[in-house]
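Below: one structure, written as structure tokens.
The values are calculated or read from the model by the stated rules, or taken from the named source; none is laboratory data. Everything numeric here is computed off the predicted structure, so don't read it as measured data. So basically every Cβ, Gly included, is an ideal-geometry build from the backbone, and we count neighbours across all protein chains shown.
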2 protein chains.
Amino acid sequence: MFRLDHPVTLKEKPCDILTVGELLIDMISEAYDDAVNSNTYSRFFGGSAANLALNTNKLGLRSRVASAVGKDGFGAFLTRQLEQEGIPTDCIQVTEDATSIVVITKSRSTPQPIFYRGADFQLNFTPELEHAVKQTKIVHFSCWPISREPARSTIGQILSAARAAGALIGFDPNYHPAIWNKGEDGVACVKSIIGQVDVVKPSKDDADRLFGTDTPDNHLARFLDLGAGLVILTMGADGALVSNGKDKLHVDSVATEVVDATGAGDAFWAGFYSGLIHQLSLLDAVKFGMEVSAYKLRCVGPVRQYPDIYQLADHKHGGEQRS
Amino acid sequence: MFRLDHPVTLKEKPCDILTVGELLIDMISEAYDDAVNSNTYSRFFGGSAANLALNTNKLGLRSRVASAVGKDGFGAFLTRQLEQEGIPTDCIQVTEDATSIVVITKSRSTPQPIFYRGADFQLNFTPELEHAVKQTKIVHFSCWPISREPARSTIGQILSAARAAGALIGFDPNYHPAIWNKGEDGVACVKSIIGQVDVVKPSKDDADRLFGTDTPDNHLARFLDLGAGLVILTMGADGALVSNGKDKLHVDSVATEVVDATGAGDAFWAGFYSGLIHQLSLLDAVKFGMEVSAYKLRCVGPVRQYPDIYQLADHKHGGEQRS
């Protein structure tokens with residue numbers, strides 16, 4: 001069992017975190033406008049897995065991302081962005097399908113994304129990917145790769161290899177019905193994964209989409225019942241609930257200002273993982289995640305650089321063995 | 001057989017032309033640049049079937065387009081554009097899939113399109129569509145709807161209904177391997193359609209892609225052998241070859257200046273069909289197509305309005321019955 005007041009012991013490995021899943025183009029409307037009138041769009045590096053690799057890298061971790069892109073200008077752009085950040089691209093697979101894009105029309109109310117999935121889920125369990133899994137302390141993935149084959153089977157193989165290699169496994173249950181194929185039960189698929197991972201961080205919205213609207217406490221209990229080792233339920237301004245199945249703690253939000261909430265979840269994950277790698281206690285890692293997330297909330301667009309103070313020193317005070 | 005020196009007799013119907021196929025978003029890079037560096041894109045009304053409906057409408061024909069769009073901002077935008085032009089939208093089907101888009105990065109060499117096909121081929125043979133087929137003089141489609149189901153089957157039903165109703169059937173063999181699903185023989189599919197239509201207008205590039213590089217005369221013979229009633233092979237600056245299987249004529253290009261070649265093929269079709277509707281002889285209709293195409297070649301982007309002189313008066317001198 002995870003102890004909330006202790007660090008998590010992680011095996012010494014040359015890579016801190018491997019994120020698996022979506023590396024794609026975000027096409028974002030220039031103006032805040034209704035969906036019918038926005039005529040100009042800008043292209044951004046995007047995808048939760050890719051952004052988490054980028055964010056953890058900016059926090060000083062040794063990060064790698066595994067995804068698939070097309071043989072096209074978008075794929076070349078994304079790969080070059082990773083190279084410029086110094087993130088290895090040996091697990092970026094190039095396929096015949098078009099690089100995935102998400103079109104987002106900015107809106108004063110709720111932005112409505114349109115998903116165009118091409119290459120992102122064409123991920124195979126190659127020798128390079130297997131090697132990367134064996135070489136990392138943490139493996140992280142979201143709903144995107146489990147929503148379609150062959151990435152779904154690849155995640156299965158990654159989970160086996162990660163467990164065998166003693167890596168910590170984190171899963172972001174960022175469920176959205178539109179990423180699943182019609183007729184497939186995405187909710188059942190997400191639920192079936194939760195018992196196979198160590199850490200899960202649903203937002204309140206994710207949990208509502210998966211289980212129907214309910215109280216945070218009930219949501220927390222459901223994720224624990226499904227077999228997650230540690231659940232962090234984030235609730236925006238209301239902070240987060242953390243539980244290992246035995247202890248339950250509430251952590252306050254430290255956000256002072258919300259300018260742009262896009263990517264706040266990925267920023268939390270980045271801070272949290274950075275805390276784990278630097279051997280903070282689990283609770284302090286969650287608090288550091290909240291702090292990084294609050295920093296992101298004050299910035300428009302992706303964070304270019306985090307303050308130096310966010311580059312944690314290694315604490316090296318040993319840790320509690322998991323399980 | 002079509003006589004080149006005679007008009008084609010068309011049955012009196014309330015609609016001049018029904019185009020079937022792709023209504024989609026063209027996302028075009030703002031700057032001429034390589035694919036990796038273009039960061040800003042503009043959204044345009046696009047798709048060959050949709051543009052042909054728009055172009056024939058601008059030339060004074062009563063036009064209608066049948067296609068499918070998503071329940072999203074792009075679909076709403078496209079439908080509204082049609083409404084603003086006064087084109088009926090009762091054959092625009094709204095589906096759960098995302099509105100199709102084509103991303104085009106402008107290039108000094110050859111622009112490389114990236115295809116994101118969602119809703120466009122989700123076209124069903126609805127009572128509204130059947131009614132529209134029965135009410136039109138001309139039915140036109142391209143390779144897009146025959147490349148994927150259910151649109152492929154819908155085209156089969158449209159062809160039966162159009163033949164029964166005595167409509168002229170035109171087909172644009174704008175073959176591109178990327179619009180077919182992997183593993184499918186798109187070339188065979190295109191060839192199987194050619195014997196089922198009256199008029200086919202390949203460009204030299206289309207023909208090269210379908211049959212391998214060859215002379216225009218050999219290409220012309222192949223389309224005729226496959227059963228097309230009338231073949232118009234367009235060859236850019238070299239004009240066009242026209243044949244009904246018996247007579248073969250060369251028509252010169254009238255283009256004086258090439259500023260933007262995008263959409264020139266659709267402009268030709270629009271002029272050609274306008275000539276047929278106004279009972280020009282087949283040869284004069286081809287020449288009028290060349291003229292409208294030359295006008296388009298001088299304009300950057302889509303033609304907003306054609307000169308008044310392009311609105312042909314009805315010639316009403318009767319015509320030759322097809323058979």
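For this structure, a couple of remarks:
- Matching residues in region B:157-185 - criterion: being within 14 Å of another protein chain (Cβ to nearest Cβ) and at positive phi: B:Gly183
- Residues (under 15 Å from the mean Cα position of the chain (by Cα) and of a type in the set (D, E, K, R)) located in region A:59-94: A:Arg64
- Look at (1) in a helix (DSSP H, G or I); (2) touching a residue at least 40 places away in the same chain (Cβ under 8 Å) and you find that B:Asn174 fails only one, number (1).
- Whichever residue in region B:99-110 is in a loop (DSSP other than H, G, I, E, B) and at pLDDT 95 or above and, among such residues, is farthest from the other protein chains (Cβ to nearest Cβ): B:Ser100
- Output for region A:113-139, where each listed residue is polar (S, T, N, Q) and surrounded by 24 or more Cβ atoms within 10 Å (Cβ to Cβ): A:Thr136
- Against the list (1) of a type in the set (S, T, N, Q); (2) surrounded by 23 or more Cβ atoms within 10 Å (Cβ to Cβ); (3) out of contact with any Asp or Glu (no Cβ under 6 Å at 6 or more places or on another chain), the condition B:Ser38 fails is (2).
- Output for region A:18-75, where each listed residue is in a loop (DSSP other than H, G, I, E, B) and more than 14 Å from chain B (Cβ to nearest Cβ): A:Gly21, A:Glu22, A:Leu23, A:Gly47, A:Leu59, A:Gly60, A:Leu61, A:Arg62
- Within region B:113-132, residues that are within 14 Å of another protein chain (Cβ to nearest Cβ) and more than 22 Å from A:Lys182 (Cβ to Cβ) reach partners that are among the aliphatic types (A, V, I, L, M) and part of a loop (DSSP other than H, G, I, E, B) with beta carbons closer than 8 Å, at six or more positions or on different chains, in the pairs B:Ile114/A:Ala98.
- Hey, B:Leu82 within 14 Å of chain A (Cβ to nearest Cβ), touching a residue at least 12 places away in the same chain (Cβ under 8 Å) and of a type in the set (A, V, I, L, M, F, W, C) or not: yes
- Boolean, B:Asp266 is touching a residue at least 60 places away in the same chain (Cβ under 8 Å) and either touching a Pro at 6+ places or on another chain (Cβ under 7 Å) or charged (D, E, K, R) (or both): yes
- Within region B:276-297, the set of residues being among the basic types (Lys, Arg) and either more than 17 Å from B:Leu4 (Cα to Cα) or at pLDDT below 95 (or both) comprises just one member, B:Lys296.
- B:Gln135 falls short of the stated requirement of being out of contact with any His (no Cβ under 9 Å at 6 or more places or on another chain) and within 14 Å of chain A (Cβ to nearest Cβ).
- Count - residues of region A:180-209 that are part of a helix (DSSP H, G or I) and within 29 Å of A:Lys134 (Cα to Cα): 8
- The lone criterion from (1) among the hydroxyl-bearing types (Ser, Thr, Tyr); (2) surrounded by fewer than 17 Cβ atoms within 10 Å (Cβ to Cβ); (3) more than 14 Å from chain A (Cβ to nearest Cβ) left unmet by B:Ser142 is number (2).
- In the set B:Arg152, B:Arg148, only one residue is closer than 16 Å to B:Val190 by Cβ, more than 14 Å from every other protein chain (Cβ to nearest Cβ) and assigned to a helix (DSSP H, G or I); that residue is B:Arg152.
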